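Following: one structure in structure tokens, then a few remarks.
The values are calculated or read from the model by the stated rules, or taken from the named source; none is laboratory data. Given the structure is predicted, the values throughout are model-derived calculations rather than measurements. No Cβ is skipped: glycine too gets one built from the backbone with ideal geometry, and neighbour counts run over all protein chains shown.
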Amino acid sequence: MTGMFTDKVVLVTGGGQGMGKAAAQRFAEEGAKVAVVDINPEAAQSVVQWIAAKGGEAIAVRADISQEVDNHRMVAETVSRFGSLHAAFLNAAMLGGVLDFFETDAATFDRIVGVNLRGCFFGMQATARAMGPGGSVVVNASTAALSANQYNAVYTATKHGVLGLVKAAAEPFGARKLRINAICPGYIATPMNGIADSVEPMPADALPPTDFCGMGLPQHIAELAVFLCSSRAAFLTGAGYLADGGLMANIPSIRI
């Protein structure tokens, strides 16, 4: 396990499944020591075991990212174990299913906002404060940050907010010589969309092309996260990168 993250430490939220799991695996394959953060400790530990079996180093951290204290704790545990933090992929999110606009209650609204927007904000703060110059944070947004998921207005609002946070944070991050970017995935084959995770990532150069407006693999997003966190993306900050297989180029509305 050597590559562009050798001797680097990376934290991944929502790392127990889906795009977070794929990213944690790929960061590890590139040599990173990985903190796999998830609200489900068993899922996080399973990814840690996979990394260890491949000769890498990782820890599982249980955290509810909607809580400010958990964001600080996940970073503190990472730094305590590995001594530093160089990059983070803030991937954890909550969809909440199909929500009728007029029937959505306050508890549902607060929970989705708490995970997707509040959690993103405090995750950005906590990870950036632990990084030195050259550090990078990537946030997972959605095509719903650029258009609307008409079946869930709250999710749409939070993902618009996530992209706004990334843009607003670029200058204060830059003052610390840090970078921050967002990824806006389209329809991805994840448990959130009812599709079970694959166990093994593919060799990066062997990823298959997808159909136009088709479904992407979690690793498609993981590869972009790895790139944006790396020094190869040193000139990129304050932007959202669409990764949707052409979906937004083809239709004005989306269903995620």
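With respect to the conditions (1) buried (at least 20 other Cβ atoms within 10 Å of the Cβ); (2) under 16 Å from the mean Cα position of the chain (by Cα), Ile39 falls short on a single one, namely (1).
Among the residues of the stretch 87-104, those identified as within 21 Å of the chain's Cα centre (by Cα) and either crowded, with 22+ Cβ neighbours inside 10 Å or among the aliphatic types (A, V, I, L, M) (or both) are Ala87, Ala88, Phe89, Leu90, Asn91, Ala92, Ala93, Met94, Leu95. Does Arg176 meet the test of being over 14 Å from the mean Cα position of the chain (by Cα), of a type in the set (Lys, Arg), modelled with pLDDT of 95 or more and surrounded by 13 or more Cβ atoms within 10 Å (Cβ to Cβ)? The answer is yes for Arg176.
Taking only the stretch 190-229 into account, find how many residues are closer than 28 Å to Met124 by Cα and at pLDDT below 90. Number satisfying all stated conditions: 5. Only residues that are farther than 19 Å from Val36 by Cβ, assigned to a loop (DSSP other than H, G, I, E, B) and of a type in the set (Asp, Glu) were counted across the stretch 177-231, and they come to 1. The condition of being modelled with pLDDT of 95 or more, closer than 24 Å to Thr108 by Cβ and out of contact with any Phe, Trp or Tyr (no Cβ under 7 Å at 6 or more places or on another chain) holds for only one of Val162, Val137, that being Val162.
For the stretch 10-36, the set of residues classified as surrounded by fewer than 24 Cβ atoms within 10 Å (Cβ to Cβ) and in contact with a Ser or Thr (Cβ under 8 Å, 6 or more places away or on another chain) consists of Gln17, Glu30, Gly31, listed by residue number.
From the list Ala107, Ala126, the one residue that fits, being surrounded by fewer than 16 Cβ atoms within 10 Å (Cβ to Cβ) and not in a loop (DSSP other than H, G, I, E, B), is Ala107. Among the residues of the stretch 225-246, none qualifies, meaning not one is among the aliphatic types (A, V, I, L, M), over 23 Å from Leu146 (Cβ atoms) and surrounded by 15 or more Cβ atoms within 10 Å (Cβ to Cβ). There is no residue in the stretch 81-104 that is in contact with a Leu (Cβ under 9 Å, 6 or more places away or on another chain) and polar (S, T, N, Q).
Determine which member of the set Tyr241, Tyr155 is out of contact with any Phe, Trp or Tyr (no Cβ under 7 Å at 6 or more places or on another chain) and outside any helix (DSSP H, G or I). Tyr241 is the lone residue from the list that is out of contact with any Phe, Trp or Tyr (no Cβ under 7 Å at 6 or more places or on another chain) and outside any helix (DSSP H, G or I). Criterion applied to Thr2, Thr6, Thr13, Thr78 was being β-branched (Val, Ile, Thr) and at pLDDT below 95, and the one residue passing it is Thr2.
Going by the conditions given, is Ala144 hydrophobic (A, V, I, L, M, F, W, C), surrounded by 19 or more Cβ atoms within 10 Å (Cβ to Cβ), at pLDDT below 95 and assigned to a helix (DSSP H, G or I)? The answer is yes for Ala144.
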